[in-house]
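As structure tokens, the structure follows; a few thoughts come after it.
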Amino acid sequence: MAAPLLQLNDISLTFGGDPVFDGVSLVVQPGDRAALVGRNGSGKSTLLKVMAGLVEPDSGLRVVPPGVSVGYMEQDPSMEGFATLGDFASAALAPGELYKVERAGAGLSFDPARPVATASGGERRRAALARLLAEAPELMLLDEPTNHLDIEAIQWLEAELSATQAGFVLISHDRAFLTALTRATLWIDRGVVRRQERGFARFEEWRDKTWEDEDQARHKMDRKIKAEARWAVEGISARRKRNMGRVRALKDLRAERAAMIRRQGAAAMALDAGPQSGKLVIEADRIAKRFGDNVILRPFSLRVLRGDRVAFVGPNGVGKTTLIKMLTGEVEPDEGRVSLGTNLSVAVFDQARAQLDPDMTLWETLAGDPELGVSGKSDQIMVRGTPKHVVGYLKEYLFDERQARAPVRSLSGGEKARLLLSKLMARPSNLLVLDEPTNDLDVETLDLLQDILGQYDGTVLLVSHDRDFIDRVATTTVALEGGGRAVVYAGGWTDMLVQRKAEAPESVAKTKPKEKKVTQSVKPVEGLTFTEKHRLDALPAEIERLEAEIAKLEELMADPDLYTREPVKFQKATEALVARQEKLAAAEEEWLTLEEKAG
């Protein structure tokens, strides 16, 4: 009998007096591919830990049928007792299965022989991911698996998860990754978990419609309260005895309105480009670099003009950060020269968050920065030339007053990124260096950061493995391909792929030996055949029908007692749901293929 992989029934959890979520019920079916999304601090990671059985809820029930294996990828895995990363990753495998870890190690770019004692946080996370993939549980719970992965490793992981038969629930900030993999979305918002039987590609449309409906309902209630309050003032004295019920109803309306939890706003991020730099920001003329026998960069030239957004992409360890440091004058090239433009003011967002002291409080992090401090006023900082209270400025970046005196180490990854952005954006700059700024940020903050960079009058140098973010921001992409080779492309990630594809036939033609002429020519087929065109026209209705059927089946199976009350009905519904999800995925893939061919 096809039982669910996992059920949560009426789960509630409170931390520090504040409810994280209340009355959460959800079902994960065999073959589910779900994105778990929500704002930073909304409880995504906590909910995933509840699903993994690592956090005990205050109330409610977690049900995993006997024999079902659930695997969880830890953000900060404990490797105590293991000598190497490979020992940790293969701990649960039989001797004949060790090849699985070696294969994952190759795909994720980590060395199983690396001693745990010298491994970085990113290497530990990759070992934890390799362990999960090698163990192949029936349900995988993945919390930010793409953090610390380069684009090649992300694409390898994407292919692995696309091919797996296991179900998975996935937290990620990487839009392209989520869009490619997910067929359902779990959205946690102000303690409520909603589910939609569509992948992440349709999430923002769904979220915005939900919020629009919510705003309309709030507006209607405000109007009703206003009308009832006017009646109470103008007419209650004449009808006091007869209408006390209406007065009580007004009181209840006001209580209901007060109980509505307002959405968390977006961070009030802003950038000030300060004094304008010269038109030429950076000019690199045949610069090269090597460390011993390791060639980082062969002779390479680049001109960066004011307003350019230059993205640097390539595998981890290939030299992206070193190249940026050469371009900004922090590291000297072995050969060639770098000329910096006039009137430059540089601000740096570093990948390692080294600018944040984990033992300092948020208050100390801002007020203790000599570049931000206001002389004689330790409770204020200078924000783009204007003094502001530390707590008020922290609130603009979605921190509450209680967090101001908390240590930086208590923050989540997304909160640390926001704190670092608050430091960077407080001072004027006209050259931004952003090294992996998107790690741990939620979708809304990423949208805001993208908009801010689009309006920024200065110049941006960006290192990122987020393909969607690069596409949205970059005007130029520099691809470091290993062996010291660096190639400049116009546009973002997708533009780079198109240009590479266009270049490929030329390089093949140069190296390919001449062949005999074929006298019979075959005319290429352009556009769609009549049958294909008819199919393309019919697919949207078919997709809509499948989505509606999936929604009905999901609504039926949301009943937590259905499995025990009517097992036969539950089995049939499960089989029907899996079949329709597979048909929907196939129909969407067919539509994309035909749409692309139609051109």
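Kindly evaluate Asp379 against the criterion of being surrounded by fewer than 17 Cβ atoms within 10 Å (Cβ to Cβ), touching a Phe, Trp or Tyr at 6+ places or on another chain (Cβ under 9 Å) and modelled with pLDDT of 80 or more. Criteria met by Asp379. All conditions but one from (1) closer than 22 Å to Tyr489 by Cβ; (2) of a type in the set (A, V, I, L, M, F, W, C); (3) surrounded by 17 or more Cβ atoms within 10 Å (Cβ to Cβ) apply to Phe349; the one that does not is (1). For segment 516-559, filtered to residues that are of a type outside the set (D, E, K, R) and modelled with pLDDT under 65, the residue that is farthest from Ser25 (Cα to Cα) is Thr519.
So, of the residues in segment 113-145 that are more than 24 Å from Leu6 (Cα to Cα) and not small (Gly, Ala, Ser), which turns out to be farthest from the chain's Cα centre (by Cα)? Before the answer, list the steps.
Residues of segment 113-145 that are more than 24 Å from Leu6 (Cα to Cα), as a first pass: 113-127.
In the following step, the residues that additionally are not small (Gly, Ala, Ser) were identified as 114-116, 118, 123-126.
Working: Arg114: 28, Pro115: 30, Val116: 28, Thr118: 28, Glu123: 20, Arg124: 20, Arg125: 16, Arg126: 17 Å.
Ranking the qualifying residues of segment 113-145, first place goes to Pro115.
Scanning segment 126-161 for residues that are of a type outside the set (Gly, Ala, Ser), more than 30 Å from Pro66 (Cβ to Cβ), modelled with pLDDT of 90 or more and out of contact with any Ser or Thr (no Cβ under 8 Å at 6 or more places or on another chain) yields Ile151, Gln155, Trp156, Glu158.
In the set (1) over 25 Å from Phe399 (Cα atoms); (2) free of Cβ contacts under 8 Å to residues at least 60 places away in the same chain, the condition left unmet by Val28 is number (2).
In segment 45-62, the residues that are outside the structural domain of Glu415 (by TED's automatic domain parsing) form Cβ pairs under 8 Å with partners that are part of a loop (DSSP other than H, G, I, E, B) and β-branched (Val, Ile, Thr), at six or more places apart or across chains, as follows: Thr46/Val55; Lys49/Val55; Gly53/Val64.
Would you point out which residue out of Leu366, Leu431 is at pLDDT 80 or above, within 30 Å of Gln75 (Cα to Cα) and surrounded by 20 or more Cβ atoms within 10 Å (Cβ to Cβ)?
Details: Leu431 fails: within 30 Å of Gln75 (Cα to Cα).
Just a single option satisfies the conditions, and that option is Leu366.
Within segment 1-119, which strands (runs of 3 or more DSSP E) (wholly inside it) include 2 or more residues that are within 24 Å of Gly413 (Cα to Cα), of a type in the set (S, T, N, Q) and in contact with a Pro (Cβ under 7 Å, 6 or more places away or on another chain)? Talk me through it step by step, then tell me what you get.
Details: elements: 6-15, 18-28, 33-37, 59-63, 70-73.
Because the criterion is at least 2 residues that are within 24 Å of Gly413 (Cα to Cα), of a type in the set (S, T, N, Q) and in contact with a Pro (Cβ under 7 Å, 6 or more places away or on another chain), no strands (runs of 3 or more DSSP E) in segment 1-119 meet it.
Please find, within segment 382-401, the residue that is nearest to Leu448 (Cα to Cα) out of those that are surrounded by 14 or more Cβ atoms within 10 Å (Cβ to Cβ) and touching a helix residue (DSSP H, G or I) at 6+ places or on another chain (Cβ under 6 Å). Result: Tyr397.
Note on segment 46-74: residues that are in contact with a strand residue (DSSP E or B) (Cβ under 6 Å, 6 or more places away or on another chain), surrounded by fewer than 20 Cβ atoms within 10 Å (Cβ to Cβ) and within 24 Å of Thr445 (Cβ to Cβ) amount to 1.
Determine, yes or no, whether Arg418 is over 17 Å from Asp350 (Cα atoms), modelled with pLDDT of 85 or more and touching a helix residue (DSSP H, G or I) at 6+ places or on another chain (Cβ under 8 Å).
On the way: over 17 Å from Asp350 (Cα atoms): no; modelled with pLDDT of 85 or more: yes; touching a helix residue (DSSP H, G or I) at 6+ places or on another chain (Cβ under 8 Å): yes.
In short, no.
Among the residues in segment 176-193, are any β-branched (Val, Ile, Thr), modelled with pLDDT of 90 or more, surrounded by fewer than 19 Cβ atoms within 10 Å (Cβ to Cβ) and in the same structural domain as Leu13 (by TED's automatic domain parsing)? Yes, the conditions are met somewhere in segment 176-193. Within segment 273-299, restricting attention to residues that are over 24 Å from Asp466 (Cβ atoms) and either buried (at least 22 other Cβ atoms within 10 Å of the Cβ) or in contact with a helix residue (DSSP H, G or I) (Cβ under 8 Å, 6 or more places away or on another chain) (or both), the residue that is modelled with the lowest pLDDT is Ser277.
The values are calculated or read from the model by the stated rules, or taken from the named source; none is laboratory data. Owing to the predicted nature of the structure, the values given are computational and were not obtained by experimental measurement. Methodologically, a virtual Cβ is constructed for each residue, glycine included, from the backbone with ideal geometry; neighbour enumeration extends over all protein chains shown.
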